[in-house]
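**Q** Take this structure, written in structure tokens, and hold onto it; I'll ask about it next.
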Amino acid sequence: MENFVQLIYFVTALLFILGLKRMSSPNTARSGVVWAGVAMVAATAVTFLLPDMRNQGLMLLAIVIGTVVAWIAAKRVQMTDMPQMVAIYNGMGGGAAGAIAAVELLRGEFGEAQGLKLLAILGALIGSVSFTGSLIAFAKLQGLMSSQPIQFPSQQAVNAGVGIAALLLALVVLLTNPGPMVLLFFLLALAFGVLMTLPIGGGDMPVVISLYNAFTGLAVGFEGFAIGNAALIVAGTVVGAAGTLLTFLMAKAMNRSLWSVLVGGFGVEQDSGEVKGSLKPIDLEDAAVMLAYASKVIFVPGYGMAVAQAQHKLRELADLLESKGVEVKFAIHPVAGRMPGHMNVLLAEAGVAYEKLFDLEDINPEFPQADVAVVIGANDVVNPAARRKGSPLYGMPILEVDKAKNAIVIKRGQGKGFAGVENELFYAENTRMLYGDAQSVLGQLVQALKRL
């Protein structure tokens, strides 16, 4: 039976890797998720067959409760809330890894096996940080607390002190039979996760979610080594590696070092200099005429499109323009929205062909040839201030909407972006503001175009 379990774990590992590979393309992503899901179910089920397995009743109860909660939550969650769902589910993974380590350490299961004990402690530390850090990220994204960085005097010194104290206690746990000191170690690790996330602003949340995803993977992998579970080792290693790569890709897309994300307090509203020009509104009929007589239109979706659930209306507008002979493309910034791939998922849900989606490097050279660039709820990722020294956004790669012949910005109001920086695009001479809910405005544009 032990050999059979290990065989299923091996098949599970293959399915995890193949599933992750298929997730790299929107055309195969759904099947990739299914493959990985089947693998997880198989690994969970076969674990019951391990010799000396105890507490099966409690395990089944936990699985039933978790399945029911997850099913209801997944059915009810809006696409706009998907980033915070990812954050909290990721945190649960880190918490589970930490809980496994807590049980093993309190029982003294490792004896003289200091190497395995060290791996368990590392998994406990990283998993605990991921758990509470992800909870804070969830609260910020859900609006339960301010998305702005929360700072206090000597914050970095306090954070460093708590982190060092947690590491020292980890050493005590490793070298002694500490008993209650294990609980204090976990409390400090959990506190460090909170303190580490509080000063991070909403503008950096895509990077933070990816980072904690990597943390959870590493924690699970370490615990897998500690307790000798091959499925946990493979799953944790794959998730940790993918999360680490994604974290650095997201940081690069924002031209931010990972260190500056963690300690910089980016997102505090700053004086980015006086913005020249004025906001120039456009009425709906004039916007429809501008689009109808364009040869090339580039749509730039952002979080505002997600909030309004306007992706289906945007697809309808794009199809209508194409029927009139207009060339239509979609420009996707790597960190548009609240998580990596947020816009890709929404547009794929609306049936927009993947071939029409273009990354920043590919679409930026085309903006000067575009008659109209239409921004739907995007803000920081199209802000020309990123090219100006002294701006908090300086150096961040942006979609160069300001270089289009004309720009139309669909926006509910005149607020700033998640980073708290005034958008210079809105004041440019070639930009017109079309105010209103994105779904309603796009629907009205469709009707106006049909009348032309």
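What follows draws every value from the coordinates through simple rules; no lab data is involved. What you see is a predicted model; the values in this text were computed from it and never measured. Note that we place each Cβ from the backbone using ideal geometry, even for glycine, and neighbour counts take in every protein chain shown.
**Q** With angles folded into 0 to 90 degrees, how steeply does helix 230-253 sit against the dominant principal axis of the chain? Use alpha carbons for both and round to 10.
**A** For 230-253 against the chain, the angle is about 30 degrees.
**Q** Listing 47, 67 from the residue with the fewest other Cβ atoms within 10 Å to the one with the most, what is the order?
**A** By the 10 Å Cβ count, ascending: 67, 47.
**Q** Which of 208, 192, 300 sits farthest toward the positive end of the charge dipole of the chain, with +1 on the Cβ of Lys and Arg and -1 on the Cβ of Asp and Glu?
**A** 300
**Q** Shifting gears a bit: Quick check of the Kirkwood formula: for the chain, what is the inverse mean of 1/r over all pairs of different Cα atoms, in Å?
**A** 23.9
**Q** Could you pull the Rg and Dmax for the stretch 1-66, using just the Cα atoms, both in Å?
**A** Taking only Cα atoms of the stretch 1-66, I get Rg and Dmax of 14.1, 43 Å.
**Q** A follow-up question, please. If I fit a long axis through the Cα atoms of helix 155-175 and take the longest principal axis of the Cα atoms of the chain, what angle between them do I get, 0 to 90°, rounded to 10?
**A** Result, in degrees: 30.
**Q** Of the listed pairs 313/411; 21/252; 324/405, which have alpha-carbon separations greater than 25 Å here?
**A** none
**Q** Separate question: In nm², what is the average projected area of the convex hull enclosing the Cα atoms of the stretch 54-189?
**A** 10.3
**Q** Here's something else I'd like to know. For the stretch 129-138, what does the Karplus curve 6.51 cos²θ - 1.76 cosθ + 1.60, with θ = phi - 60°, yield as ³J(HN,Hα) per residue in whole Hz, taken in order and with x for Gly and Pro?
**A** The phi angles translate into 4, 4, 4, 6, x, 5, 5, 5, 4, 4 Hz.
**Q** Given charges of +1 on the Cβ of Lys and Arg and -1 on the Cβ of Asp and Glu, with all other atoms neutral, how large is the dipole of the stretch 63-190 about its Cα centre, in debye to the nearest 20?
**A** 300
**Q** Two decimals, Cα atoms only, Kirkwood Rh: what is Rg/Rh over the stretch 284-451?
**A** 0.93
**Q** To the nearest 500 deg cm²/dmol, what mean residue ellipticity at 222 nm is calculated for the chain from DSSP H runs of n ≥ 4 alone, each contributing -39,500 (n - 2.57), summed and divided by the residues?
**A** Per the formula, -19000 deg cm²/dmol.
**Q** Still on this model: When only DSSP loop residues count, what GluC sites (Glu not before Pro) in the stretch 99-136 have their Cβ near at most 11 other Cβ atoms within 10 Å?
**A** Here the sparse-neighbourhood loop sites are 112.
**Q** Taking a quarter of the surface of the convex hull around the Cα atoms of the stretch 89-141, what do you get in nm²?
**A** Averaged projected area of the stretch 89-141's Cα convex hull equals 3.3 nm².
**Q** Describe numerically, in nm with one decimal, the distance between label points set 7 Å from Cα along Cα→Cβ at residue 164 and at residue 146.
**A** According to this spin-label approximation, the distance is 2.9 nm.
**Q** Ok, one more. Measure off 7 Å from each Cα along the Cα-to-Cβ vector at residue 322 and residue 81, then give the distance between these two points in nanometres to one decimal.
**A** In this crude spin-label approximation the distance works out to 3.2 nm.
**Q** While we're on this one: Please report the equivalent ellipsoid semi-axes of the stretch 1-120, computed as sqrt(5 x eigenvalue) of the Cα gyration tensor, largest first, in whole Å.
**A** They are 28, 20, 16 Å, listed largest first.
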